[in-house]
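All remarks here apply to the structure that follows.
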């Protein structure tokens, strides 16, 4: 019960910190997903929404902690964790959306782009001299995958008729499933998916449309190169961390390691480390590298980045532009990338993913399980 309460409190803290940091880590010219000129980043309407959002998020986090922990004790089931995550997440999204709408209304009513010269910038060196990911970081992932598979093949013949299941943050020996090749080698299949998909994602991000600023094109291009190389490094290192966690989980399922609080802590330590690395990187570098120092000697171009709010929907998370050939674009929220739904290729990708999910739901195919 104590572990369940601590897990619930940790979940609330994680969601609250994540929601609070969203506007903090965002680019100054994109407060709450709204494009504003550089001269308006400290506008009273923007600062007021930042303060209001921060106070509301922290207040919700405290209330969620005070109500969810007693609920876990009374009910004694993990269902409270799911309900808390859904309700708190929905409330934080509502607060972010309200701030987005308020700033967008102030921008429209104040005509913030009046008298500015809007433009976009292009840099052909992204094609001739792209960012080179550190592909050598794939070696640990491949080694962990091969090692896990070798141990699995060696242990398979002596496994019991049932295996412990993954529940919460560790192995639940009380709930067991039948031993089959699919259940026994589920960690290996998950490792394979991660080891294949993460490099493909890195390769796609390298070719995605770069985030450069028309006001400072040279500085922004340099910053984005550093940012993109860092993201690629963290993703490839994260794949190795995920594979290591899966190896330790597999060893517990295969009765090589005995489940215990210490083992659980060691199992999830790699994922905690890479999550901390992403957070530190985001704080020091910022989204699209905007926190990095500027190049000395570069003066402003006299232009401001073009106001493209009309192409962004759902508080800056959904991008639709039929005239933009880019497939992947940098999202305005959370330092991620998203598909350009104005490009037919994006709909092809979504159709394939939806078809696979439907076929698995109907039982036609079996996708690799995650535990």
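Per-structure values
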item: Qualifying residue in the stretch 250-264 (condition: modelled with pLDDT of 90 or more, in the same structural domain as residue 287 (by TED's automatic domain parsing) and under 22 Å from the mean Cα position of the chain (by Cα)); result: no
item: Selection status of residue 302, under 26 Å from residue 111 (Cα atoms) and exposed (fewer than 15 other Cβ atoms within 10 Å of the Cβ); result: yes
item: Among (1) in contact with a helix residue (DSSP H, G or I) (Cβ under 7 Å, 6 or more places away or on another chain); (2) in contact (Cβ under 8 Å) with a residue 40 or more places away in the chain; (3) surrounded by 13 or more Cβ atoms within 10 Å (Cβ to Cβ), the one test that residue 118 misses; result: (1)
item: Top-ranked residue of the stretch 276-299 - restricted to ones that are without any contact (Cβ under 8 Å) to a residue 12 or more places away in the chain and assigned to a loop (DSSP other than H, G, I, E, B), ranked as surrounded by the most Cβ atoms within 10 Å (Cβ to Cβ); result: 291
item: Residue check, residue 106 touching a helix residue (DSSP H, G or I) at 6+ places or on another chain (Cβ under 8 Å) and either free of Cβ contacts under 8 Å to residues at least 24 places away in the same chain or surrounded by 16 or more Cβ atoms within 10 Å (Cβ to Cβ) (or both); result: yes
item: Candidates 22, 88, 15, filtered to the one that is in contact (Cβ under 8 Å) with a residue 24 or more places away in the chain, under 22 Å from residue 213 (Cβ atoms) and not assigned by TED's automatic domain parsing to the domain that holds residue 289; result: 22
item: Residue check for residue 165: surrounded by 11 or more Cβ atoms within 10 Å (Cβ to Cβ), touching a helix residue (DSSP H, G or I) at 6+ places or on another chain (Cβ under 6 Å) and assigned by TED's automatic domain parsing to the domain that holds residue 220; result: no
item: Checking residue 36 against (1) surrounded by 14 or more Cβ atoms within 10 Å (Cβ to Cβ); (2) in a helix (DSSP H, G or I), the condition it does not meet; result: (2)
item: Matching entry among 67, 97 (being assigned by TED's automatic domain parsing to the domain that holds residue 49, surrounded by fewer than 18 Cβ atoms within 10 Å (Cβ to Cβ), assigned to a helix (DSSP H, G or I) and free of Cβ contacts under 8 Å to residues at least 60 places away in the same chain); result: 67
item: Residue selected from the stretch 307-348 under the condition in a helix (DSSP H, G or I) and without any contact (Cβ under 8 Å) to a residue 12 or more places away in the chain, by the criterion nearest to residue 116 (Cα to Cα); result: 310
item: Search result, residues across the stretch 115-139 that are closer than 15 Å to residue 308 by Cα and assigned to a loop (DSSP other than H, G, I, E, B); result: 116, 117, 120, 121
item: All positions within the stretch 174-196 that are outside any helix (DSSP H, G or I) and out of contact with any helix residue (DSSP H, G or I) (no Cβ under 9 Å at 6 or more places or on another chain); result: 174, 175, 176, 178, 180
item: Flag if residue 273 is in the same structural domain as residue 182 (by TED's automatic domain parsing) and not in a helix (DSSP H, G or I); result: no
item: Selection within the stretch 241-266 - crowded, with 21+ Cβ neighbours inside 10 Å, more than 15 Å from residue 165 (Cα to Cα) and in contact with a strand residue (DSSP E or B) (Cβ under 9 Å, 6 or more places away or on another chain); result: none
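The values are calculated or read from the model by the stated rules, or taken from the named source; none is laboratory data. Quick caveat, the model's predicted, so the values are computed rather than measured. We place every Cβ from the backbone using ideal geometry, glycine too, and count neighbours over all the protein chains shown.
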